[in-house]
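One structure is given below, encoded as structure tokens.
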Amino acid sequence: MTSAPALPPTLWFTRCPVPTATGIAADRHWLTDEFAPDGITVRSLQDAEPDADREAHFTHALPGLFREGGNVPALWARSRGERTRLVGLTWIEERQVVLVAPDSGIRSAGDLRGRRIALPAHSIAIDFWRAMALRGFEGALASAGLSLADTVPVDVPADGHTGQWAAELAALRRGDVDAVYVKGALAVEAARRSGAEVAVELDDLPDRRFRINNGTPRPITVHQDLLDEHPTLVDRFLAVLLRAADWAAGSPAEVDRILGAETGAGAEGVAGAYRPGTHRTLHPDLSPERLALLAEQESALRAHGFLPEPVQVTTWADPEPLRRAAALNAAHPESPQPAAL
């Protein structure tokens, strides 16, 4: 009789500096509390230097890792052959905008025709910043019946610049480009500091396909090895995330505080990036709609050369862990009831 694999001494988690159930659960210490009775330490990849491989946030080469983050690295890791599984997707609106100089005359997506758009270039294994800019401009342009072919893409070297979108905003100030794509809480503050104006609010576009990007939808992934050897650990981890999302739905002020810490932005940045009701949108699922939106992202990223091999999104997804986690969460004695939407 084959004995069960020994429990791992450590479970790792990583998330992007954005609204996530993982970040909420970590702040509440629920992940630590869940696995401490098993003698398992739960650690954040972001807080574990120097004894952790920070690149695993992108490669997912660490079998004991749970990742809730942007879909560009997640799809890239799977495309390169890493044995990950997609176990959840969220859709959280983070303010996505196209910024222009005050005197540009650009006031809408249609005004981008013939204009120079900034495409950052970073010397990193997967340039998700460039992917975000491409997809952001594609969404904005598509809303006006245009495409990237109707603009003049300008490569903007970003190495050596400090701060998100610093290179692109500097290029905008110099007059080297006419438009820059930015998103999220820090983008709100960066735009204010740079004096740039918003020409296109992607969040106002009624068709959410125009807002497909790195964080929309945002995947939760685990390694197949962990799922094969310790499926109950995966179920329990996801159950904690569901409990965190339930709690967040009834705790908007606390969620704002946590978002400030997670994003590194001030209250103005958080308020400007995340619309009222964001605290109710942290629940993951694997609905056909979200899977279809992620499949559109996969196709676009592959067309732009970011993915070496295709990723079949529907076969990558495994809905069973989340189903089992929902049952565990419903039975948890301290699980809050979800707030009314």
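Just a few scattered comments:
- Structure-derived Cα Rg over 2.2 N^0.38 Å: which label, when the choices are (i) 1.00; (ii) 0.93; (iii) 1.06: (i)
- Carbon and sulfur %, accessible surface of the chain computed with the full protein complex present, 1.4 Å: 51 percent
- Computed with a 1.4 Å probe over protein heavy atoms only, the accessible surface of the chain comes to 42 Å² per residue.
- Packing-based ranking, highest mean first, of 33-41, 139-147 given that Cβ atoms within 10 Å are counted: 139-147, 33-41
- For segment 142-210, alpha-carbon Rg relative to the globular expectation (2.2 N^0.38 Å, N residues): 1.20
- For the peptides 66-73, 119-126, residues were scored by their other Cβ atoms within 10 Å and the scores averaged per peptide; the highest-first order is 66-73, 119-126.
- Charge dipole magnitude, Cβ of K and R +1, D and E -1 - the chain, Cα centre, debye nearest 20: 520 debye
- Here the ratio of the Cα radius of gyration of segment 101-190 to 2.2 N^0.38 Å is 1.03.
- The phi-based Karplus calculation (6.51 cos²θ - 1.76 cosθ + 1.60; θ = phi - 60°) puts the 3J(HN,Hα) values of segment 194-204 at 7, x, 6, 10, 7, 9, 9, 9, 5, 5, 7 Hz, whole numbers, x for Gly and Pro.
The values are calculated or read from the model by the stated rules, or taken from the named source; none is laboratory data. Here the structure is a predicted model, which is why all the values come from computation and not from measurement. With ideal geometry, Cβ positions are generated from the backbone for all residues, glycine too; neighbour counts draw on all protein chains shown. Note: areas computed on protein heavy atoms with side chains; ligands, DNA, RNA excluded. Shrake-Rupley method; radii C 1.70, N 1.55, O 1.52, S 1.80 Å.
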